[in-house]
1. How do the peptides A:614-622, A:444-452, A:405-413 rank, highest first, by the average count of neighbouring beta carbon atoms within 10 Å per residue?
2. Sketch the reach of a paramagnetic label on A:ASP664 as a point 7 Å from Cα along Cα-to-Cβ, and name the residues of the stretch A:522-541 whose backbone nitrogen lies under 13 Å away.
3. In units of 2.2 N^0.38 Å, what is the alpha-carbon radius of gyration of the stretch A:259-317?
4. Is any residue of the stretch A:129-167 close enough, with backbone N under 17 Å, to a label point placed 7 angstrom from the Cα of A:ALA425 along the Cα-Cβ axis, and if so, which?
5. Quick check: the distance between the Cα centres of the stretch A:86-106 and the stretch A:70-85, to the nearest angstrom?
6. Once you've got the GNM for chain B with C-alpha springs shorter than 10 Å, pick whichever of B:MET82, B:MET128, B:MET112 has the biggest mean-square fluctuation.
7. Is the stretch B:55-240 rounded, prolate or oblate when judged by the Cα gyration tensor, a ≥ b ≥ c being the square roots of its eigenvalues, rounded requiring a/c under 1.5 and prolate requiring a/b larger than b/c?
8. If you average the C-alpha positions of the stretch B:153-231 and of the stretch A:403-445 separately, how far apart do those two centres end up, in angstrom?
Amino acid sequence: MPAEDMGKLSDKLRLTFAVSTVVCVLVLAISPVKDFRAEWKHYKRAYVKFAQGRSDTKRLLGDYTMEIDQIWLPTMNVTDRCMTCHQGIAQPSLADSSVPQPFRAHPSIPHNIREWGCTICHRGQGPATEVAEAHKTTLAWEQPLLPARFLQASCGSCHQADIKEAPQLARGRELLSYLNCQGCHRLNTVDRSRLGPDLSSVGYKVSREWIYKWLKEPRTVLDKDGNTTVNGYENGDESRMPKFRLKEEEIRALSGFLSVQKAKPIEVYKINPAVVSAWSKNPELLSQGELRFRQMMCTTCHPLAVTRAGETKLIGGNIGPELTKIGSKVNKAWLIAWLRDPKSYLPNTSMPQYRWSDEDLYKVSEYVTSKLSDSDLFSNVPQLGAPTEEEIQTGKRLFTDKGCSSCHVLNGAPTQKDFGPDLTALGRKNASELEFSKSKIERNLVSYIQAKLQDPVSVNPAARMPQYSWNQEDLDAVTTALLSQTGPPPTSALQHLVIPKKETAFQVVGAFAQVFERYKCYACHRFNGYGGTLAPDLSYEGSRAQKKWIAEFLKNPQTIRPALILRMPQFNMSDKDAQVAAEYLSLVLQKPDVDPESVDVRQFTPAMAAKGKQLYEVKYECQSCHTIGATGGYVGPNLNNAGNWLTPAWIEAWLRNPQALLPDTLEPRRNFTEEEIRALTAYLLTLRTGIKTQSVKSAGNLHSLAQGAGR
Amino acid sequence: MPTPFNAALEDLRTTRVWKSIFRRGPANSNRTRSIAVFGNLFLHWLPVKVREKSLRVRAAYYLGSLSFLLFIMLVVTGVLLMFYYHPAVPNAYRDMKDLQFVVSNGVFLRNMHRLGAHLMVLLVFWHMFHVFYRGGYKPPHEFNWVIGVLLLLVTLFLSYTGYLLPWDQLAFWAVTVGTNIISAMPVIGRKVRFVALGGNIVGENALLRFYVLHVVILPLLAFLFIGVHFWRVQKDGGLTVRPTRDEDGTNKD
């Protein structure tokens, strides 16, 4: 090319340049245009429009800017841009449900949103500024928003102890523990201490036929037409023993194997023949047995199916097993040995050791074996006979293979751990980490958990997990509790957010330790955070009740709250045991800030008591909740014997601020003046029914019956 | 045709400031053009004279030039991305999210860099095949062929080190697998892997190492070898065009 022509372009080339320049500029313009039309800007503008249509425009748009809003908490790994679209989240006037989303205000919660952000509880993708990216599972973010009905799961990630704001979570955790999920699975916050019964000597207790039926249909009550009437699965009173998917020959083998487990022979007790001959012909035997059974308040711990008006219901507590057909289940000799000394058969049992007279033992055991039984129980169980050696060997293998040994101890061998997968971090799992097999359910964690709980085989054909059946409420509660198993925080910087469960060790020493163990006080009562929740917390019983009253009450529990169905059982406690317990309770279980010396009883005059009575009846109308004499309500405890029952210091402290002593009490705080408090205390201390005479009258009859026959 | 604009330009070229910057007159003869090329840092790479044939598209499909152009583009977008990126474990992935959601044209920027890198690897390979099948590795080009192979390796290492930086699952596992392959080397495998990762796992140290390699060491090497490569092209007499076929008149180009 000659030098002079260089730099000269043909028209064709010029056109090519022009077109390619335009195309290039257009291509480069795509990104800025997309930026300009970003999704979040649409919501920003919509909010302005929405706010302008309301009367409080000025306040709503007070700090409005056309920018991305975010909560940035670097120490908590939170960058939440949710309020870029959810702009009214902190505007109290937008709390109404008529306000369209995404502008509605957040319901009031104990945490400040500005300090916690959104995604710590709601999950989803905080940094996102697009609707789909923020809420759903996307290519680069698998953890979607947690559905609102499982939101309490997020409380559980930090609050390892139950909190009253999250009842669903608490229920779910309770179910996880009650159903012994921790037998096979490792779970956070659920300890492994209470599992199924020790089966080392089960051959003495039940027959092979009963084991066969139990393995086939754990806890099902059939009426005479064969219909299921009380099904533990349906009334929320789920049997702890789940239904395993066992084949007929497996059930035969397991029942055979278990029926020959006779490690420790039972101590056969011979009831005094004089008692037997005196009562065996007595037509009153069974009704007297039932009376004693009821008086001992067995149903406080054990449920019993009761049919009233054609409807069968389980009545009673759920600490012990159901007793409806116990007579067909257990061997009578075993039953008597068990009632006399439960610990020798099951060292860890919660069953208290009652003090039995031969007469009571005979009456109650006769009642239980003949009335609480069902002759049709084994109608659909084949004749099994003695197990063959082969069946025993197969059963032995199945006992481990099917996971039985995860919950049941056999011959001192400890239960096997981690039979099922570790679930401590299940709540953080992504859908891609889960096995869905061929099921048609949605591919996310929540539907996986629910499908697995309802029908384990549907998501894993080889699942060994037993079959449960749930009502929707419990299913959601357990799902919530499982979703709360999010493992340790993602970074150690967040570790401080976890509020661990308090270690609740309550050590009892001295003579009371034996009484405590014998009567299993902790099965129902709570002591400094340790023990059951069925009965009142006794952590401060020593500050509350007078020693003499405690001793009398233990010997003859007269319920303070007559409206309750579940009452303290009558253990027939000896004088010595009652004294030891009263001594310990009143000396050790004190609330430090209730000083017994602070109230001098001598200062109370009859005039003050009269004024207190006036205040009680007229000014404050305490009788709307409390009963004195024959009048009053049943919400609060009966005060008939308040003068013998409560300590003066406790009454005064209680009147000053009941919630300081018992945070959950219904008693309102009335802001009495000090003078009124003294008057009311003076009045309450005059209320004495003379518990002595009453207890002699009612309990005396029972004692004379029992002891008279024993002599 | 002297227009007022051209006249003004001519006047400008006579000013002292202009002359102190450009230090030469208009490049309107072979001599002045030579001076212009020799005297200019960037044009110095280019030959003084180019055969018209070697400017045709099919001579080399501009594959080398395009690779270079992409390299420049990657440097520019890469520097911009460095403004938004922290090579640290909790931050790296979050920075990707910020690019996606809050940085203006962040997605465009990142995609330019990412897709440009993919395209560059593609073009560099194509370039190599083209040179190979044209016999460009034969003397006197054998030295430049070796430089070219080194440039290919630098390109691949740049691509591989850049792959870890988003710190997502793809990145993590790609590097985990890749460095496990290193450890299969006899005797020194595990040591080399340890040095490459700055530890035994793909963690924060590995991220920092890969980042430094990606933004400092490898680009400097690339600049060095590109310079040598271009310089050699010129010294070896420009592009390899098919002289034999051209001479016997069978070439239709």
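Values quoted throughout were computed directly from the atomic coordinates according to the rules given, and no laboratory measurement underlies them. Everything quoted here is computed from the prediction, not taken from an experiment. Here Cβ is always computed from backbone atoms with ideal geometry, including for glycine, and neighbour counts include all displayed protein chains.
1. Packing order, densest peptide first, comes out as A:444-452, A:405-413, A:614-622.
2. It comes to A:525-527, A:529-538, nothing else.
3. Ratio of Cα Rg to 2.2 N^0.38 Å: 1.62.
4. Residues A:142-143, A:157-158 fall inside that zone.
5. Distance between centres, Cα-based: 19 Å.
6. B:MET82
7. Taking the square roots of the gyration eigenvalues as a ≥ b ≥ c, the stretch B:55-240 is oblate.
8. Between the Cα centre of the stretch B:153-231 and that of the stretch A:403-445, the gap is 40 Å.
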